[in-house]
Amino acid sequence: MNPPPNHPDKPIRAPTDWRQAALLTLGALALYFTLRALPTGTNLHQLDFRVTGDGALAMCDPANPQFVPVVAARSPVTLTVTPQPGGGNRFLLRLATSSGKPIGPAGLLEVHTRKLHLLIVDPTLRDYQHIHPEPTAVTGEWSFAFSPAFATTYRVFADFTPSATGSSLYASADIAVTEPADATGTASEARGRLPEWPAETWRAGRDGVVFQLTPSAQPIHAGQPVDLNFTLTHTDGGLVALEPVMGAFAHLVTFDAARSGFAHLHPDPANATNLAAAAVSAPSALSGATATTNPHLAFKLTIPSPGHYVIWAQVKLGGRERFVPFWFEVAP
């Protein structure tokens, strides 16, 4: 008589062969180490962007950017800029972690329609440009060109958000310009500081439009938050058709006289409802609509140290980007 199927004298074979499990484990490990070795930015981790101790550059909340002393702080990222062969004020930018890992597009989040923002300014703060470099075929290498007004040493601030952290991070480098795009720009004009700092200016006119930046307190004091109200009006009373630029209706960038750092500000999201009500082509103020009213935009700013500063406003009117400076002083 044959024993029943579960007779104790008959061995029971394991449902999974141990050799199959071992092969699956080895395959998973091989895939893991292969992915880590790929130089595409996908091997970047949160710890690659961490710096501790005194003078460390803190990562910032993209929704609440403030003035950051980029030059003096220790950054977890290195930025180098070199002239690109062929001249023409074209440059190659290399972005990497302090351990040498290249940072390409795959390692960055898109913020305000771009993955990498360059804020470029001359020593007098009179020539400011906002540039977006393009990645090359080499991971961590980016190419860009700009039109400098002067033959002098420009400072480049990089503004970006690593995918591994989701927080804004910054780096800086200097580039020497020997051939200004405009022949009227000379080295002597921009080599040093302005003979006198411009008088405090909160109102400027450009092409029939009045740009007004009104702080909630004057003078502005170091370390104290201040609200900034930005308005645009036509001198003839007509409506200002303000268009979005990089996903916002305006960008404000603040520099100090020493170019030690910057603040990149965007309008208060709650304020966007005022523009949305006036939009003619879409209900959302940030979806490509054109605001056909004299706009009012709210910003917040805290500057840590007293001294001379400039705020450059960037807007888009009639399909063209405009840059307007506001000069001011911060009291102790």
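Descriptive notes on the structure:
- Any pair with Cβ under 8 angstrom, 6 or more apart, that starts in the stretch 303-324 at a residue that is without any contact (Cβ under 8 Å) to a residue 60 or more places away in the chain and buried (at least 16 other Cβ atoms within 10 Å of the Cβ) and ends at one that is assigned to a strand (DSSP E or B) and aromatic (Phe, Trp, Tyr): 309/255; 309/327; 309/328
- Within the stretch 107-116, one or more residues are in contact with a helix residue (DSSP H, G or I) (Cβ under 6 Å, 6 or more places away or on another chain) and either among the basic types (Lys, Arg) or in the same structural domain as residue 325 (by TED's automatic domain parsing) (or both).
- The condition (being among the hydroxyl-bearing types (Ser, Thr, Tyr) and closer than 12 Å to residue 313 by Cα) is satisfied by just one residue among 231, 214, 201, 235: 231.
- Residue that is buried (at least 21 other Cβ atoms within 10 Å of the Cβ) and in contact with a Ser or Thr (Cβ under 6 Å, 6 or more places away or on another chain), where the choices are 159, 122: 122
- Exactly one residue out of 136, 178 is surrounded by fewer than 20 Cβ atoms within 10 Å (Cβ to Cβ), at pLDDT 95 or above and among the hydroxyl-bearing types (Ser, Thr, Tyr): that is 136.
- Residue among 245, 226 that is out of contact with any Gly (no Cβ under 9 Å at 6 or more places or on another chain), over 17 Å from residue 310 (Cα atoms) and surrounded by 14 or more Cβ atoms within 10 Å (Cβ to Cβ): 245
Listed here are the residues, each with its yes/no results for (1) out of contact with any Leu (no Cβ under 9 Å at 6 or more places or on another chain); (2) at pLDDT below 90; (3) not assigned by TED's automatic domain parsing to the domain that holds residue 113.
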residue: 251; (1), (2), (3): no, no, yes
residue: 265; (1), (2), (3): no, no, yes
residue: 270; (1), (2), (3): yes, yes, yes
residue: 285; (1), (2), (3): no, yes, yes
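- The stretch 139-151, subset among the aromatic types (Phe, Trp, Tyr) and at pLDDT below 95, residue nearest to the chain's Cα centre (by Cα): 146
- Residue in the stretch 109-130 that is part of a strand (DSSP E or B), closer than 23 Å to residue 48 by Cβ and of a type in the set (Val, Ile, Thr) present: yes
The values are calculated or read from the model by the stated rules, or taken from the named source; none is laboratory data. These numbers were taken from a predicted model, which means no experiment stands behind them. When we count neighbours, we look across all protein chains shown, and the Cβ atoms used for this are built from the backbone with ideal geometry, even at glycine.
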